[in-house]
């Protein structure tokens, strides 16, 4: 993308935006205007609305070059969130890198389900987030349950580094215990059997055969380790459901995010393992997205 130098501040900004928008739309990004605005505002370190003020800011040559580089990256279908390095979740900003999945709005349903099902208990509770990634669930739950003991696990050391940085960003560095290891193994190492009140999990659940059909942003940039759920996408649920029963207190709840058409098989596996199904929560597209289980 080649960006020329216009003569006036306002004209400069609009010409840059038109050129960038066209490049993004041609690359298959339908909301190219909004994303171009977001990227130029990022370069200027100003809110997007400032682009439309009468005294619109101009870019110096280095900023124009940097903006062109960001547009090239986005046109190659690198996710906007990785370019910016942040993603909003539950009203909070979280650092994201290619070592972590980008938090989705659907995952906020896990938080909603915890609040609906568990409420705000008067006594301190223990919450665990498996496959924590960016730590968005653990950190958000920490803000909502200020007296809770919170633990977060992930098998990726790089993802845990990102999660720790997000905990620090939101004043949770001293409150969340980060444990490296595969699923429930770290919990066994510190003897948390029958001591957990709430467990949240957003595991890898994309069927292996569908990975190469995902949109380019996901297929080429997000970590496959955090996406690949095995042949039918259910491998992690098969491992989590029997083992998690050992760690929750009687009456404790397990909150699982699931993929399309996975709620029923997950429900059946849960019932066979001895769980009681409390709720299946739909997302805005009316897709069964969260399964809430209770330990009898």
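The values are calculated or read from the model by the stated rules, or taken from the named source; none is laboratory data. If you're wondering where the values come from, they're calculated on a predicted model, not measured in any experiment. Neighbour counts are summed over all protein chains in view; Cβ atoms, including those assigned to glycine, are modelled from backbone coordinates with ideal geometry.
Is at least one residue of region 147-157 in a helix (DSSP H, G or I), closer than 30 Å to residue 76 by Cβ and not assigned by TED's automatic domain parsing to the domain that holds residue 29? Checked region 147-157: at least one residue is in a helix (DSSP H, G or I), closer than 30 Å to residue 76 by Cβ and not assigned by TED's automatic domain parsing to the domain that holds residue 29.
Picking from 279, 285, which residue would you name as being on the phi < 0 side of the Ramachandran plot and not in a strand (DSSP E or B)?
285
Residues checked against (1) crowded, with 16+ Cβ neighbours inside 10 Å; (2) at pLDDT below 95; (3) closer than 18 Å to residue 128 by Cβ:
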| site | (1), (2), (3) |
| --- | --- |
| 229 | yes, no, no |
| 236 | yes, no, yes |
| 240 | yes, no, yes |
| 244 | yes, no, yes |
| 250 | no, no, yes |
| 256 | yes, no, yes |
| 263 | yes, no, no |
| 268 | no, no, no |
| 272 | no, no, no |
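Screening residue 61 on (1) crowded, with 16+ Cβ neighbours inside 10 Å; (2) in contact (Cβ under 8 Å) with a residue 24 or more places away in the chain shows it passes everything except condition (1).
Confirm whether residue 118 is modelled with pLDDT under 95, crowded, with 16+ Cβ neighbours inside 10 Å and touching a strand residue (DSSP E or B) at 6+ places or on another chain (Cβ under 7 Å). Judged against the criteria, residue 118 is a match.
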